[in-house]
Number of protein chains: 6
Amino acid sequence: MKTTITKRMTFCAGHRLFKSGLSDEENLKIFGECSNPNGHGHNYVLEVSVSGEIDQTTGMIINLKTLKQVIEREVVAKVDHKNLNIDVEFMRDQIPTTEVFAGKIFDILDKALGKGLLARVVLWESENNRFEVSR
Amino acid sequence: MKTTITKRMTFCAGHRLFKSGLSDEENLKIFGECSNPNGHGHNYVLEVSVSGEIDQTTGMIINLKTLKQVIEREVVAKVDHKNLNIDVEFMRDQIPTTEVFAGKIFDILDKALGKGLLARVVLWESENNRFEVSR
Amino acid sequence: MKTTITKRMTFCAGHRLFKSGLSDEENLKIFGECSNPNGHGHNYVLEVSVSGEIDQTTGMIINLKTLKQVIEREVVAKVDHKNLNIDVEFMRDQIPTTEVFAGKIFDILDKALGKGLLARVVLWESENNRFEVSR
Amino acid sequence: MKTTITKRMTFCAGHRLFKSGLSDEENLKIFGECSNPNGHGHNYVLEVSVSGEIDQTTGMIINLKTLKQVIEREVVAKVDHKNLNIDVEFMRDQIPTTEVFAGKIFDILDKALGKGLLARVVLWESENNRFEVSR
Amino acid sequence: MKTTITKRMTFCAGHRLFKSGLSDEENLKIFGECSNPNGHGHNYVLEVSVSGEIDQTTGMIINLKTLKQVIEREVVAKVDHKNLNIDVEFMRDQIPTTEVFAGKIFDILDKALGKGLLARVVLWESENNRFEVSR
Amino acid sequence: MKTTITKRMTFCAGHRLFKSGLSDEENLKIFGECSNPNGHGHNYVLEVSVSGEIDQTTGMIINLKTLKQVIEREVVAKVDHKNLNIDVEFMRDQIPTTEVFAGKIFDILDKALGKGLLARVVLWESENNRFEVSR
């Protein structure tokens, strides 16, 4: 039996999909309306899952408040109400698709949580589009 | 008895809350993180309600496909994947709060639908913040 | 101050939109794909609202279990897993649009609850289409 | 045209429905399983709506952060993770039905917000049961 | 690390659960109210997941618009507003349970997407019943 | 290909997180507000998943009504509107965190369903906190 705990958090951010070095026309061809020059944005929903053994003293895998603080400090504080292309250090020189964004969040949280605790990161960019990174 | 029909649609857009003529510091004081210089964005949910009599031939107040086309043409096509501060004609020189945005959408749809059909516009900027304009 | 209590219930049903006396072509023109000859169906969400004074002995306007039983007996039992065009007495000879359907449910519950208790019936035919009948 | 802004917040609490002075049997008859002696609880969803004029300087009816702080301080801090029958001053000697609870929240927020700003309080005790107090 | 992208789409359809060769009574015994002779229907929610490597030029596993077009063309266009028992070629001679339906959709999309891209199909027939087919 | 069917059900319960043998202060340090002496509660959402082969006679892995009855009888009837610390036999002497609670539910349903049918139990204690036990 494997036990997993998931914390759901939300934030909003702006972005524009484009690859530097390509013209606006080429970017439009690849990214469509997501490449509009003045950018747009989303309400993102982030679900972070941790798997592990239940501690017999606390009945917990990890304290949800601790998990929330780590996500808040390492991710939400850096991206909420920000522009992913300009304001966010760890997205610099990246195409800010939600696949890439979710992968970066996985790396950051994996390092911050340590011990191989992180099992999965799910990132929704809209109610119909969802991205998942897992071991 | 009053009958009302509501169509729900979604779009995403970018914006930055600020009042021209004020400094970045003054804007930050009023609008907080929503005033970050490089902008952010949201997934908006738009609910448009029409009240009226049921037509005996069709069993409808208004054909939902017609209503959807009007909302699509008059609103969604003009704002989806756009920057509200820069790309959207009807938001020019406006503070793009969702209150103001919802009011503009109400005016546009009221004119487009005519005959006093429009009863209410609800606009969600996040799962926790909702704005409503009604007669 | 006005107090209102709302019970949400769900059911599913099949229907085909058409007006008897019209040809399949004419029905298709008015009702589109909703007029496909072999029918389709929906998961309906029904929200029934009752307004009134709070009883000082119970702290309730109406007991939610009573309200649920009335809706179950008068509506859900008659329409759940049924074909609205064929199986449902109170929809006989009606165009089964959700506007018309919601109006019939309002009439039935208004009579069953009595004393002008019923304030509003909301009926969702999909996550994007909602119909409301109120006093 | 009337503009309304709604803030949604969540909290959880325990309660037991019973009327003091009645026996356990009598309480069970009125309140059913909600009267189980050791209590149970809910995740409540609270929606607070404020109506008014849009301020031309800010584009807002009321700053959502201010509204959130008032709800947080006046309601959520007093009820979250509490037992409504024992821990909550303003519910003392009340039957803690959600009708009564919503009415008390309306009174508290109406006084705290002043100027007749408060338009409506909606309180969900479950995904199927919703209570609304409005002017 | 494994990256997965999921597209959510909705459609509605009618069906009746029955096994040809059995009597109405026998079908009723197995399928209950789902076997009512005149059929009923559902709003289905379909979630299609694709796993793979992120393309360095686009930052994507697969373009979401392409994925949406494939699902639209191969599945939604064939089942939306249709009767699963009568109108849908790939459901002919099948018991249209949602398990079977989801399996057929998996097969169709697996062939259409090729290269072993398809990871999972989830099909909801109601908010409480969900079916999943995965490798 | 693997097929999984999931039934979603809801219930509400009260609980207080604490470890017997520790002082109120020590419990408060570990469990925070969840350790408030008079308890609180939640609306729980339970999702039970069963994997297996599709029966060719019924088109089902397991009849959803049977699955629902088992969950109702073995779990919901024992915990709904109850206090997990006091009223629930299988939670006696357990810290009623949702991790532990979900694990107990997995064990109970695994035994009741038999044949290794049970694949996963997911238990939400709030819209932001979810716990999963799987093989």
**Complete:** Summing -39500 (n - 2.57) over every DSSP H run of at least 4 in chain D, dividing by its residue total and rounding to the nearest 500, the 222 nm mean residue ellipticity is -7000 deg cm²/dmol
**Cβ-Cβ FRET estimate between A:D93 and F:Q94, R0 fixed at 51 Å, reported to 0.05** = 0.55
**Asked** What's the average, rounded to a whole number, of partner chain beta-carbon atoms within 10 Å of each residue's beta-carbon in B:30-38?
**Response** 5
**Prompt:** Tell me, which residues of region D:53-92 get at least 40 Å² less accessible area when the other protein chains come in, versus the chain alone (1.4 Å probe)?
**Reply:** D:T57, D:T58, D:G59, D:M60, D:L64, D:K65, D:H81
**Message:** Quick check on the protein assembly as shown: take the gyration tensor over C-alpha atoms, sort the square-rooted eigenvalues as a ≥ b ≥ c, and tell me if it's rounded (a/c under 1.5), prolate or oblate.
**Reply:** rounded
**Request:** Treating the angle as unsigned and between 0 and 90°, give the value, to the nearest 10°, between the Cα long axis of helix D:98-113 and the longest Cα principal axis of chain D.
**Result:** 30
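Quick one: if the Förster radius is 45 Å, what FRET efficiency do E:K111 and F:S20 give, using the C-beta to C-beta distance and rounding to 0.05? Mind dumping the intermediate values first?
Working: r = 59 Å, r/R0 = 1.30.
After rounding, the FRET efficiency stands at 0.15.
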**Request:** Please give the average number of partner chain Cβ atoms lying within 10 Å of the Cβ of each residue in F:124-135, rounded to a whole number.
**Result:** 6
**Prompt:** Ignoring ligands and nucleic acids, what accessible area does F:R8 show with a 1.4 Å probe (Å², nearest 10)?
**Reply:** 40
**Item:** Where labels lie 7 Å past Cα in the beta-carbon direction, separation of C:E74 and A:T10 in nm
**Value:** 3.5
**Complete:** So, in nm and shortest first, the distances from B:D107 to its counterparts in the other copies, with label points 7 Å along Cα→Cβ, work out as 4.2, 4.2, 4.7, 5.8, 6.5
**Message:** Probe of 1.4 angstrom, ligands and nucleic acids ignored: what's the accessible area per residue over chain A, in square angstrom?
**Reply:** 42
**Calculated label separations, B:G32, copies of the chain, 7 Å along the beta-carbon direction, nm** = 1.9, 3.4, 4.0, 4.0, 4.7
**Asked** Taking springs between alpha-carbon atoms closer than 10 angstrom, which of E:S23, E:S51, E:S35 fluctuates most in the Gaussian network model of chain E?
**Response** E:S23
**Request:** Compare B:K115, B:K68, B:K78 in a GNM of chain B, Cα atoms joined below 10 Å, and give the one with the largest fluctuation.
**Result:** B:K115
**Asked** Taking the Cα atoms of region D:3-134 alone, what are Rg (to one decimal) and Dmax (as a whole number) in Å?
**Response** 16.4, 60
**Message:** What's the total accessible area buried between chains F and A, using a 1.4 Å probe, rounded to the nearest 100 Å²?
**Reply:** 1800
**Normalised convex hull volume, region B:70-109, alpha-carbon set, Å³ per residue** = 60
**Item:** For D:94-107, mean number of other protein chain Cβ atoms within 10 Å
**Value:** 4
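How large a share of the accessible area of chain F, in percent, is made up of carbon and sulfur atoms when the probe is 1.4 Å and the other protein chains stay in place? Don't jump to the answer; show the numbers that get you there.
Values: 2750 of 5700 Å².
So the carbon and sulfur contribution to the accessible surface is 48 percent.
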**Prompt:** Taking a label point 7 Å from Cα toward Cβ, how far is F:N128 from its twins in the other copies, in nm, shortest first?
**Reply:** 0.7, 2.7, 2.9, 2.9, 3.1
**Message:** Taking the rotation axis that maps chain A onto chain B, which residue of A brings its Cβ closest to that axis, and at what distance in whole Å?
**Reply:** A:G41, 1
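The values are calculated or read from the model by the stated rules, or taken from the named source; none is laboratory data. It should be emphasised that the depicted structure is a prediction, and the values quoted were computed from it without experimental measurement. Note that we place each Cβ from the backbone using ideal geometry, even for glycine, and neighbour counts take in every protein chain shown. For the accessible areas, the whole protein counts, side chains as well, though only heavy atoms, and no ligand, DNA or RNA atoms are used. Shrake-Rupley method; radii C 1.70, N 1.55, O 1.52, S 1.80 Å.
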